[in-house]
Amino acid sequence: MRSHSIVLRSVKNLKTRVTGLQGSAAFSKFSGNEGHYNGGEDNGEWKVRGAVFGSALAAGFAAFAADSNRRELLAEANTNVDVDKIIETTGARIEGLKEYSIAEVNKHDSPENRVWVTYKNGVYDITDFIPLHPGADKLLMAAGSSVEPFWAMYAVHLNNPVIYSMLEKYRIGNLDMADVASQAEQMASDSSDPYSTDPARHKAIIINSKKPFNGETPLGILTDSFITPTDLFYVRNHLPVPDVDVKNYELEVSGLGVKELNLSIDELKKFPKHKIVATVQCAGNRRAEMRATKNLKGLEWRGGAIGNAEWAGAKLCDVLKAAGLDENDEKIRHIHFEGLDTDPANSPYGASIPIEKATDPRGDVLLAYEMNGEPLNRDHGFPVRVIVPGVAGARNVKWLGRIIVSDVESDSHWQQNDYKGFNPSTDWDTVDFTKSPAIQDMPVTSSICSPAPGTKVTGGQELVVSGYAWSGGGRSIVRVDLTADGGKTWTQAESLEQDNARHPRHWGWTIWKGKVQVPEGVETAEVWSKAVDSSYNVQPESFSNIWNLRGVLSNAYCRLKLSVQ
C-alpha cells in the first residue's frame with residue numbers, strides 16, 4: 001500500500017498513449033535546431049538547448065538535446081550495458097548511502113533550500129541541474145517530493161537510459177523506508193480523525209480542501225500529456241477515503257428484477273475486460289471563473305478538475321445481464337451506485353444513471369479496476385469504481401460497494417440536492433432542487449492552459465496558446481476558435497490532438513494549440529477560446545448568463561488576461 005507521496009509506483013509500464021492520435025507528430029517531435037517563440041517571462045516559451053540534457057517541458061514532448069550531445073551523453077552514460085538493467089536499478093536502495101526521512105526531503109522544495117526529489121528508494125539533489133533545464137518551472141513542482149508522475153507525463157524521460165543514468169549522478173542517499181512505515185502507522189493510529197488514513201498526495205496537486213481532500217492538476221502541466229498520470233489526476237472526495245481490504249471485498253448487485261450477486265474482485269475479472277480512454281470532469285470545474293461574475297457556493301476549481309485516463313474493467317451491462325436483468329422491463333428506470341465511503345451517520349456516497357446509459361453496450365459504462373494500466377489507487381476508487389463516460393464526475397462513484405436496479409432515481413443527497421443547474425436569478429431563498437434534473441451528460445467546454453494569466457507579451461506578436469477541450473455525451477471536438485480582440489476577428493486552433501473514437505463514443509478530451517495576434521496600443525489583452533463539438537454545440541459567451549448558485553456547468557468562453565508591453 002502506498003503510504004506517502006514520495007513512495008510512488010514505478011512508471012516503467014505507464015506509457016503515454018499516443019497510438020491512434022490525430023496529428024501525433026507533436027508527441028514524437030525531435031529536432032536540434034527548432035526555433036522558439038517568446039510568450040513572456042518563463043511562460044509559454046520553449047527552446048531546444050544542446051546542454052547536458054533538457055526536455056522542453058513547457059511545450060510538452062519536445063527535443064532534449066542535439067544529436068552530437070546525445071551521442072556524448074550515451075557514451076558518458078555507458079549505455080552499451082543492458083538498457084532494462086539501467087532502468088531497473090535506477091532508484092534502487094544502495095547500501096552505505098545516507099538515509100533521509102520524508103520530512104527532510106519535504107523541506108528541500110526550492111532553490112533556496114536546495115531542490116531534492118525522490119525516485120523509487122533514491123533521494124536526489126538536483127539543484128545544480130535546474131539552471132540547465134528549460135522547463136525548470138514545471139520541474140520545481142516535484143521539489144521535495146517524487147519525480148515519478150512527471151516522468152509519466154513527459155514521455156521523453158520514459159525508458160531512456162540517458163535520463164536514468166544522469167539522474168543517478170545527483171544521488172545523495174536513500175529514502176528511509178522505516179520512516180515511511182512509521183508515518184503510515186502513526187496516521188492509521190489516529191482514530192479520532194476519520195481522515196487520518198487518507199492516502200498521501202503528490203505535492204504538485206493544488207489543494208482546494210484538505211478534509212475531505214479535493215485537489216486539482218495545475219493548468220501549467222495539465223495538457224502536457226494526452227493521458228493524465230494517476231498521481232497528478234485531480235481528486236474529488238466528498239467523505240473520508242475508505243481503506244478497503246481487497247481480500248474481503250465483494251460488490252453487491254441487487255434490486256428490481258435481478259437475482260442478487262456478490263462478486264469478489266477475482267469474480268469480476270472473469271467478465272470480458274474492456275478498455276476505454278475517457279475524460280472525467282467534476283461538474284464544478286472552472287467554478288472560479290463563474291464566481292468572478294458573482295459569488296456562489298462551492299470549491300474553487302480553477303480549471304484543473306479534469307483529467308484523461310485509460311480505464312479498464314468489466315462492462316456494467318455484462319454484469320447486469322449476468323444478474324438476469326431484462327432491459328426491456330419498462331419498470332426499470334435507473335441504476336444506483338453506492339460507495340464504501342460513508343458519513344458519520346454511516347450513509348454512503350451515492351448516485352444513479354438512467355437505464356438507457358447503463359445497459360447500452362456502446363455506452364461503455366465500466367466497473368473499472370484499472371487506471372492507466374495499473375490497479376486503481378485509493379484516491380481514485382480502489383478496488384472498483386464506476387466510469388460513466390461523458391457524464392458528470394459525480395456519477396462516477398468510487399469505492400463501489402453496491403449496484404441497485406430501481407424504478408426510481410437514487411435518493412442520495414448528491415443526486416437529489418446537489419449537482420443540478422438553475423437559472424441565474426435563483427438564489428438560496430428560492431431554490432427548489434426537486435424542480436431541476438440531476439446533471440448527467442456534460443456540456444462542451446475549453447480552457448486555456450498556456451501561457452499563464454498575466455504573462456507579459458509584446459503588442460503585434462503572434463502568440464501561441466494551448467489548452468484542452470471536451471464535450472460530454474460521446475461528442476468529439478471539431479473546432480476550437482480563438483480571438484485576442486474581443487471577437488472582432490477569429491482564428492482556430494491548428495492542432496487538435498485526440499483519439500480516433502467516433503461520435504457518439506468519443507469519451508476522451510482534445511488537446512489543442514493555436515496562434516493569435518496580440519493587439520497593439522493596449523496595456524492588457526484577453527485571449528478567448530470557445531470549443532465546438534460534433535453536434536455543433538458551442539460554449540456560451542458569458543458566465544453571467546449561465547451563473548447558478550452552485551457554480552456547476554461552468555462552460556462559458558475561457559478568457560485569458562495578458563499584460564501587453
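The values are calculated or read from the model by the stated rules, or taken from the named source; none is laboratory data. Note that this is a predicted model, so its numbers are computed, not measured. Cβ placement follows ideal geometry from the backbone for every residue including glycine, while neighbour counts extend to all protein chains displayed. For accessibility, only protein heavy atoms count, side chains too; no ligands or nucleic acids. Shrake-Rupley method; radii C 1.70, N 1.55, O 1.52, S 1.80 Å.
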Seminar exercise, completed: Only unsatisfied item for Ser529, checking (1) part of a strand (DSSP E or B); (2) polar (S, T, N, Q); (3) open to solvent by 10 Å² or more (accessible area, probe 1.4 Å); (4) closer than 22 Å to Val280 by Cβ, is (3)
Problem set entry | Unique match (being within 30 Å of Asp243 (Cα to Cα) and either outside any loop (DSSP other than H, G, I, E, B) or not basic (Lys, Arg) (or both)) among Glu409, Glu356 | Glu409
For this session: Can you confirm whether the range 470-479 contains a residue that is within 30 Å of Ala200 (Cβ to Cβ), assigned to a strand (DSSP E or B) and either of a type in the set (Lys, Arg) or open to solvent by 50 Å² or more (accessible area, probe 1.4 Å) (or both)?
Result: no
Exercise. What do you reckon, is Ile546 farther than 14 Å from Ser466 by Cα, more than 21 Å from the chain's Cα centre (by Cα) and hydrophobic (A, V, I, L, M, F, W, C)?
Worked result: yes
Exercise. Within the range 294-319, which residues are open to solvent by 10 Å² or more (accessible area, probe 1.4 Å), touching a His at 6+ places or on another chain (Cβ under 9 Å) and part of a strand (DSSP E or B)?
Worked result: Lys315
Seminar exercise, completed: Restricted to the range 413-427 and to residues being part of a helix (DSSP H, G or I) and either under 16 Å from Leu239 (Cβ atoms) or among the hydroxyl-bearing types (Ser, Thr, Tyr) (or both), the residue least open to solvent (accessible area, probe 1.4 Å) is Gln415
Problem set entry | Tabulated pairs, the range 490-501, first farther than 18 Å from Trp528 by Cβ and assigned to a loop (DSSP other than H, G, I, E, B), second at pLDDT 95 or above and of a type in the set (A, V, I, L, M), C-beta under 7 angstrom, 6+ apart or interchain | Gln498/Ile477; Asp499/Val277
Exercise. Out of the range 64-120, which residues are assigned to a helix (DSSP H, G or I), at pLDDT 50 or above and under 17 Å from Ser165 (Cα atoms)?
Worked result: Val83, Asp84, Lys85, Ile86, Ile87, Glu88, Thr89
Exercise. Do we have Gly474 as in contact with a Leu (Cβ under 8 Å, 6 or more places away or on another chain) and closer than 30 Å to Ile276 by Cα here?
Worked result: no
Problem set entry | Boolean, Val552 is open to solvent by less than 10 Å² (accessible area, probe 1.4 Å), touching a strand residue (DSSP E or B) at 6+ places or on another chain (Cβ under 6 Å), of a type in the set (Val, Ile, Thr) and touching a residue at least 60 places away in the same chain (Cβ under 8 Å) | no
Problem set entry | Options Arg286, Arg291; residue that is more than 30 Å from Lys321 (Cβ to Cβ), in contact with a strand residue (DSSP E or B) (Cβ under 8 Å, 6 or more places away or on another chain), buried (at least 18 other Cβ atoms within 10 Å of the Cβ) and not β-branched (Val, Ile, Thr) | Arg286
Exercise. Can you name the residue in the range 320-356 that is of a type in the set (A, V, I, L, M) and either free of Cβ contacts under 8 Å to residues at least 60 places away in the same chain or surrounded by fewer than 20 Cβ atoms within 10 Å (Cβ to Cβ) (or both) and, of all such residues, is nearest to Lys269 (Cα to Cα)?
Worked result: Ala322
For this session: Scan the range 430-451 for residues that are open to solvent by 20 Å² or more (accessible area, probe 1.4 Å), touching a Leu at 6+ places or on another chain (Cβ under 9 Å) and not in a loop (DSSP other than H, G, I, E, B) and jot them down.
Result: Ser450
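Each row is one residue, and each column tells you yes or no for (1) open to solvent by 10 Å² or more (accessible area, probe 1.4 Å); (2) in a strand (DSSP E or B); (3) under 23 Å from Pro149 (Cα atoms); (4) in contact (Cβ under 8 Å) with a residue 12 or more places away in the chain.
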{"residue": "Ser225", "(1), (2), (3), (4)": "no, no, yes, yes"}
{"residue": "Thr228", "(1), (2), (3), (4)": "no, no, yes, yes"}
{"residue": "Pro240", "(1), (2), (3), (4)": "yes, no, no, yes"}
{"residue": "Val244", "(1), (2), (3), (4)": "yes, no, no, yes"}
{"residue": "Ser254", "(1), (2), (3), (4)": "yes, yes, no, yes"}
{"residue": "Val258", "(1), (2), (3), (4)": "yes, no, no, yes"}
{"residue": "Glu267", "(1), (2), (3), (4)": "yes, no, no, no"}
{"residue": "Lys270", "(1), (2), (3), (4)": "yes, no, no, no"}
For this session: Using the structure shown, decide if Leu482 is farther than 30 Å from Val365 by Cα and assigned to a strand (DSSP E or B).
Result: yes
For this session: Go through the residues of the range 452-464 one by one and say whether even a single one is surrounded by 23 or more Cβ atoms within 10 Å (Cβ to Cβ) and within 21 Å of the chain's Cα centre (by Cα).
Result: no
Exercise. Scanning for something polar (S, T, N, Q), open to solvent by 10 Å² or more (accessible area, probe 1.4 Å) and either assigned to a strand (DSSP E or B) or more than 25 Å from Tyr195 (Cβ to Cβ) (or both), does the range 374-394 turn up at least one residue?
Worked result: no
